[in-house]
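Just so you know, all these numbers are worked out from the coordinates, no wet-lab data involved. Computed from a predicted structure; not experimentally measured. Cβ sites come from the backbone with ideal geometry, for glycine too, and all protein chains shown count toward neighbours.
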Protein chains: 4
Amino acid sequence: MNQKILYRVIYGDTDQMGVMYHANYFRLFEIGRNEYFRLRGVLYRDLEKKGIFLPVKEAWCDYISGARYDDVLEITCGIQKSTRSSLLFGYRILRGDELMALGTTRHAFVDKAGRVIRLSHEEYSAMTEEGLS
Amino acid sequence: MNQKILYRVIYGDTDQMGVMYHANYFRLFEIGRNEYFRLRGVLYRDLEKKGIFLPVKEAWCDYISGARYDDVLEITCGIQKSTRSSLLFGYRILRGDELMALGTTRHAFVDKAGRVIRLSHEEYSAMTEEGLS
Amino acid sequence: MNQKILYRVIYGDTDQMGVMYHANYFRLFEIGRNEYFRLRGVLYRDLEKKGIFLPVKEAWCDYISGARYDDVLEITCGIQKSTRSSLLFGYRILRGDELMALGTTRHAFVDKAGRVIRLSHEEYSAMTEEGLS
Amino acid sequence: MNQKILYRVIYGDTDQMGVMYHANYFRLFEIGRNEYFRLRGVLYRDLEKKGIFLPVKEAWCDYISGARYDDVLEITCGIQKSTRSSLLFGYRILRGDELMALGTTRHAFVDKAGRVIRLSHEEYSAMTEEGLS
């Protein structure tokens, strides 16, 4: 199951080509990811309080059509692959029916010192469980 | 004595009006401020290690002419006013001889918990001393 | 009459002090300004199509309390002063009842070449009219 | 032949994990790309004046070690693959001898309307020629 969220492009997102600056799509991906967790009742800030961090280890974006100022974009986010020590998120950015961009981010679960950790079975399930009653 | 440093505007700084997005001038001010300290042998990161933080309490910018992609800007930064618990920095952004923007930021010295602190006389002098031997 | 809009702080807004980087508050102000116009049926992108631009000439922010990751902020925006060639917007950023920041931005109406223009009475009223039926 | 350029991380680049926010590495890549062109006597802004644009069609970054505030990073940029209608740039971000990040961006040459164009042989050579006398 995927999470959808809307974002309206501001002037500060655009560049002089009149479209959203490419690096800013990764901010949209982050918004999608935050909501993905929230929908499952997992707040990323709570993970951090427990000493679990989820830094981005790899990021990729395929730009299909340039989003413009004041466009309302729909951010779709879901997990493509997961283990107890890593997550791969997939994203789609749409404007109405038009696909604007596709992307992925790969994350590792690490402790405060940056060492890779394995989640408990319970923590892992809470984040990745598809069955949301 | 003031510190001068150069910055070249990138695409990511611009907006669809073809000039640097107004919020990004405050990034330039930060660059100037960092160099101000460095010139005096005070590294802001060392201050943080000692538990001294210098958050921005107020920021102001007057935009005179819009900086464009690939412009080389000169950032001038100096202290306009200082006490043992606060600093007021002044900035000028120039493109050659042309004044592009003026600004100020006001800062408080705080500890990790955010409480205002007073620097020791020695710490204060190191940051604000004009005579750089 | 003022416009209220909500914004949730993302990781990309924060800095290593654990609060929203000061320059990013000006992005929030822009969001508020966009919604101010939208509420009055004036889309800023339509203004641009008519050759009317509204660059920021001056910006100011007073930081009262640092917004944190995942905070939901309320952006309030209203016009403090207006003429047919300039607008002064005022902003408040709140987290629940707590005032986080105050600010203003001053804008000029200019044409594509950057020359200051005066709005027609009709255009001016549409933007600043308080009576929204 | 590759182009090297230095960049000092500012506070505004970091996030609350205390490292450079992942999206900002793509700003560094842009800095490298600009300098790549400059070294060959090709200014990207001149290309735009001739009606040639080079939007990012795909971007990828592998994060190896997190860059910190005040770190001086070295940006290396070179062309990995090129045709008369596209370029693939490769980047490495180093801190001293330590590899911090690797990445690529793929670009298409397009006209103002966004249609893919083919460079003349002369234009193409100027951009990609390795022999810089």
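Near the amide H of residue B:71, within less than 5 Å, lie the amide hydrogens of B:9, all on another chain or at least 5 residues away, with H placed in the peptide plane.
Computed from point charges on the beta carbon alone (+1 for Lys and Arg, -1 for Asp and Glu), the dipole magnitude for chain D about its Cα centre is near 520 Debye. Charging the Cβ of each Asp and Glu at -1 and of each Lys and Arg at +1, and nothing else, the dipole of the protein assembly as shown about its Cα centre rounds to 0 debye. If you take every residue apart from residue D:18 with its C-beta less than 13 Å away from the C-beta of residue D:18, what net charge results, scoring Lys and Arg +1 and Asp and Glu -1? Charge balance in the 13 Å sphere: -3. With the label put 7 angstrom out from Cα along the Cα-to-Cβ vector, residue B:99 ends up 3.1, 5.0, 5.3 nm from the copy partners, going from closest to farthest. Here the stretch A:9-133 is described by how far its Cα atoms reach on the three principal axes: 46, 35, 21 Å, from widest to narrowest. Note: relative contact order over chain A, using C-alpha pairs below 8 Å and six or more positions apart, is 29 percent. Neighbouring Cβ atoms from other chains, within 10 Å of the Cβ of residues in D:53-59, number 6 on average. Size of the stretch C:10-63: Rg and Dmax of its alpha carbons, in Å, are 14.3, 43.
Of the three principal axes defined by the Cα atoms of the protein assembly as shown, the extents in descending order read 62, 52, 50 Å. Each other copy holds its own label point for residue C:111; taking that point as 7 Å from Cα along Cα to Cβ, the gaps run 2.9, 6.1, 6.7 nm, nearest first.
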